[in-house]
Amino acid sequence: MPIYEYRCESCHTAFEKLRPMREAEQPTDCPRCGNTVAKKELSVCCMSIAGGGGGNSMPAGCGPGGRFT
Ligand SMILES: [Zn+2]
């Protein structure tokens, strides 16, 4: 399952959650306040980073620990 980033609209806590792709767009429950108002944020993972520079490198933002911080 892919990891999606969510942000709670109640307490604005950002967190990551493993979800089935078909449920990714649905609001999920916040681990902090418990409200089911957390919406998915656009993730940089596995999307075109750096706007297509023409390089031949693999996407650096994918995989555990490979995220830009
Ligand atoms: Zn919350």
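Remarks
- Between Phe15 and Asp29, the simple label model (points 7 Å from Cα in the Cβ direction) yields a spacing of 1.0 nm.
- Once backbone amide H atoms are built at 1.01 Å from N, Ala38 has Glu9, Thr28, Cys30 as its partners under 5 Å, excluding neighbours fewer than 5 places away on the same chain.
All of the numbers you see were taken from the coordinates with simple rules; none came from a lab. Values in this document were obtained by computation on a predicted structure and should not be read as measured data. Quick reminder, even Gly has a Cβ in these numbers, built from the backbone with ideal geometry, and neighbours come from all protein chains shown.
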